[in-house]
Amino acid sequence: MDWEPIGKPASARERANLRDYARTCREFDWTRARSVLSGLPGGRGLNIAYEAVDRHAAGPRATRTALRWMDRHDAVTELSYAELAERTNRFAVLLRELGVRRGERVFTLLGRVPDLYIAVLGALKAGCVVSPLFSAFGPEPVRQRLTLGGASVLVTTGALYRRKVRGSRADVPSLRHVLVTGDDAEDGTLALGPALAAASPDFQIAATAPDDPALLHFTSGTTGMPKGALHVHDAVLAHHVTAAYALDLHADDVFWCTADPGWVTGMSYGVLAPLSHGATLVSDEGDFDADRWYRVLAQQRVNVWYTAPTALRMLMRHGADLAAAYDLSALRFIASVGEPLNPEAVVWGQRALGLPVHDNWWQTETGAIMISNFAAEEIRPGSMGRPMPGVEAGLLRRGQDGRALVTDGTVHPVMAEGEEGELALRPCWPSMFRIYWNDPERYARAFADGWYLTGDVARRDADGYYWFVGRADDVIKSAGHLVGPFEVESALMAHSAVAEAGVIGKPDPVAGELVKAFVSLHPGHEPTEALRLDLLAFGRRALGAVAPKEIEFDQHLPHTRSGKVMRRLLKARELGLPEGDLSTLEVTR
Ligand code: AMP
């Protein structure tokens, strides 16, 4: 079925930050856009936390609510910009007192609680590099990322520390300080509550330069361990501009981004972008629950809501009547990211919530939204939209392996309209990642002929709208979370019964994909139901939220000639699709 484009009334244009797409693209330039930032007083440089907090705390917005936080039981706590400035100063002072220096990595492993925001912004003030971890990760992904990133400090809760870190702390020798929220600390940790209370509320923000490292976000590839994409303080310019253009965020808005700050969306848009605008940021500690989410939207009078396709699909399942029971009249703009947004969801938004959903596209490496549907522009349901002003996107012809064709360092652009190609971007915006942490070769492999290769396949229509087709690699997107199959396979192979594993994303109507593992067993082990359940539990204990949801035994996993399990073939079989070119196959059924 073809979906009708959704046009916008003239009134949408009047209020929108981006009123004329074509003209803004022509005129936009990142250097001129810098005027939206303040820079550190006295020309001392640029620091994200100053742009997000202190510049507002020093002016007329000082008493405006920066963070409005709901705990699981609906109790609301508010912090003004002035209060957030003071608390983050204390955190920065504490880091200094502990001897933590600029450039050292401060990790967080926290749910959505005020201390998370305080630690992130305080560590940025101190010139440290912040690396947020998803609190639903199991001990194994946590250990790996702490080790790979050379963590000096971890901020977490006592319970998360005991469950996910304590057992492997000796594997992370760089980790000098573990700060636990609240008043109680066990051996080897420091209680954050009293430490912050005792720290001075005065701090001079580190004189960081725009190109100094600020954020380290781990993401997953097809092979090898997670990669740390490093972003610099200048990224805040892209956060600010893209929030204005793609999310239509205004300074007086109440803004809710439902992504967890343990992932890049939750950090760029759930913390930094709205604060850089001086808006009020809503944070909900609770997990998804349809009633609860509508209540948050209604009670908090949310104006701009940034969410994800999985959540929208779950709301759709609860029906439009549930939405109708709430007063959503404050809502002005809805956007979604992270996985393909089905056209039904775009249109459902208009019917059930009174507003269409604006899909946009980006990834950890790009640090900010790259392709988007805009407030004043026609939406094409099913399309990710058009490139942001200041961003050049292109499609590159694909080889047999799905990735862009590169010969002699030159890539081949796709010329014909509607033809598929690997989505590529010409780096020039300030939130582009600068390196993969300690992995220059992998970084180099991500570029060809001046293009950054995204690993996604897309097509473009005559008017420049991009349409997502799929991944060029085996990475899995489950409920918006990127899952590296290698990481899951490695964790399963730590089980004494498992000889080998191949992990794929199995299509799922709500989560997009779910993680499914095929495993072969060592001799002497039988593929029983008891073992299958044991493996599922083993995966959950090690990996947490990214563990496989399904496990199937297969003593004849297909391999390439180089000995790798052929995930692509496993997936084709799972879906009942043609198995494609088997010439590189060693063992098949
Ligand atoms: P991450 O780095 O975890 O943010 O994941 C980025 C990946 O998510 C992209 O490379 C895409 O594969 C997928 N993705 C993000 N946004 C969209 C979207 N709007 N439509 C389809 N896929 C998306």
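The values are calculated or read from the model by the stated rules, or taken from the named source; none is laboratory data. If you're wondering where the values come from, they're calculated on a predicted model, not measured in any experiment. Backbone-built Cβ (ideal geometry, glycine too); neighbour counts: all protein chains shown. Protein only, heavy atoms only, side chains kept; ligands, DNA and RNA dropped before computing areas. Shrake-Rupley method; radii C 1.70, N 1.55, O 1.52, S 1.80 Å.
Things to note:
- Alpha-carbon centroids, the range 198-256 and the range 485-543: separation in whole Å: 35
- Residues whose amide H lies under 5 Å from that of residue 471, counting only those 5 or more places away or on a different chain, are 457; hydrogens are built 1.01 Å from N in the peptide plane.
- Counting only protein heavy atoms and a 1.4 Å probe, the range 20-359 has 34 square angstrom of accessible area per residue.
- Peptides 230-237, 541-548, 355-362, 455-462 ranked from most to least packed give 230-237, 355-362, 541-548, 455-462, packing being the mean of other C-beta atoms within 10 angstrom over each peptide's residues.
- Gain on full stretching of the segment that runs from residue 408 to residue 447 - 0.36 nm per residue minus C-alpha separation: 12.8 nm
- Computed from phi, the 3J(HN,Hα) profile of the range 210-224 under the Karplus parametrisation 6.51, -1.76, 1.60 (θ = phi - 60°) reads x, 8, 6, x, 10, 9, 10, 10, 7, 9, 10, x, 6, 10, x Hz, with x in place of Gly and Pro.
- Of the peptides 91-99, 274-282, 180-188, the ranking by mean beta-carbon count within 10 Å, highest at the top, reads 274-282, 91-99, 180-188.
- Charge sum, other residues only, whose C-beta stays under 10 Å from residue 137's C-beta, Lys/Arg counted +1 and Asp/Glu -1: +2
- The residue among 314, 462, 261 whose Cα reaches farthest toward the positive pole of the charge dipole of the chain, with charges on the beta-carbon of Lys, Arg, Asp and Glu, is 261.
- Estimated FRET transfer efficiency (residue 525, residue 562; beta-carbon r; R0 30 Å; 0.05): 0.70
- Cβ charges +1 (Lys, Arg) and -1 (Asp, Glu), total dipole of the range 52-185, debye: 380
- For the range 202-309: rounded, prolate or oblate by the Cα gyration tensor [a/c cutoff 1.5]: oblate
- Packing-based ranking, highest mean first, of 554-565, 428-439 given that Cβ atoms within 10 Å are counted: 428-439, 554-565
- Whole-number accessible area per residue in Å² for the range 476-575, which is evaluated in the context of all protein chains at 1.4 Å: 42
- Hz values of 3J(HN,Hα) by residue in the range 374-385 - Karplus curve (6.51, -1.76, 1.60), Gly and Pro given as x: 10, 4, 9, 10, 4, 9, 10, x, x, 9, 6, x
- Once both labels are positioned 7 Å from their Cα atoms along Cα-to-Cβ, the gap between residue 285 and residue 3 label points is 3.6 nm.
- Of the accessible area of the chain, computed with a 1.4 Å probe over protein heavy atoms only, carbon and sulfur atoms account for 51 percent.
- Sequence-distant residues sharing a close amide H with residue 544 (under 5 Å, placed H): 138
- Cβ-Cβ FRET estimate between residue 222 and residue 330, R0 fixed at 51 Å, reported to 0.05: 0.75
- If R0 equals 22 Å, the separation of the Cβ atoms of residue 533 and residue 493 corresponds to a calculated FRET efficiency of about 0.75.
- Sparse-neighbour loop sites [GluC sites (Glu not before Pro); the range 394-488; at most 12 other C-beta within 10 Å; DSSP]: 417, 419
- Only one residue of 525, 546, 483 has its Cα farthest out toward the positive end of the dipole of the range 476-575, where Lys and Arg carry +1 and Asp and Glu -1 on Cβ, and that residue is 483.
- Placing +1 on each Lys and Arg Cβ and -1 on each Asp and Glu Cβ, with no other charges, gives the range 20-359 a dipole about its Cα centre of roughly 600 debye.
- Counted residue by residue at 0.36 nm each, then reduced by the alpha carbon distance between them, the extension gain from residue 299 to residue 577 reaches 95.3 nm.
- Summarising the label geometry, the points placed 7 Å from Cα in the beta-carbon direction at residue 252 and residue 13 lie 2.3 nm from one another.
- Between residue 35 and residue 169, the distance separating the two model label sites (each 7 Å from Cα on the Cα→Cβ line) works out to 5.3 nm.
- Among beta bridges that DSSP assigns inside the chain, antiparallel share in %, nearest 5: 60
- Ranking 273, 355, 326 by Cα position along the charge dipole of the range 20-359, where only Lys, Arg, Asp and Glu carry charges on their C-beta atoms, puts 273 farthest toward the positive end.
- Residue-span extension gain [residue 72 to residue 159] - 0.36 nm each, minus C-alpha spacing: 29.7 nm
- Cut-off under 5 Å, modelled amide H: who pairs with residue 214 long-range: 231, 232, 233
- Under Karplus coefficients 6.51, -1.76 and 1.60, residue-wise ³J(HN,Hα) of the range 186-201 in Hz, glycine/proline x: 9, 3, x, 10, 10, 6, 6, x, x, 5, 5, 4, 7, 7, 5, x
- The distance from the alpha carbon centre of the range 430-478 to that of the range 33-84 is 32 Å, rounded to a whole number.
- Under the convention that each Lys and Arg Cβ holds +1 and each Asp and Glu Cβ holds -1, the size of the dipole of the chain around its Cα centre is about 820 debye.
- Antiparallel bridges, percent of DSSP beta bridges restricted to the range 124-242 (to nearest 5): 45
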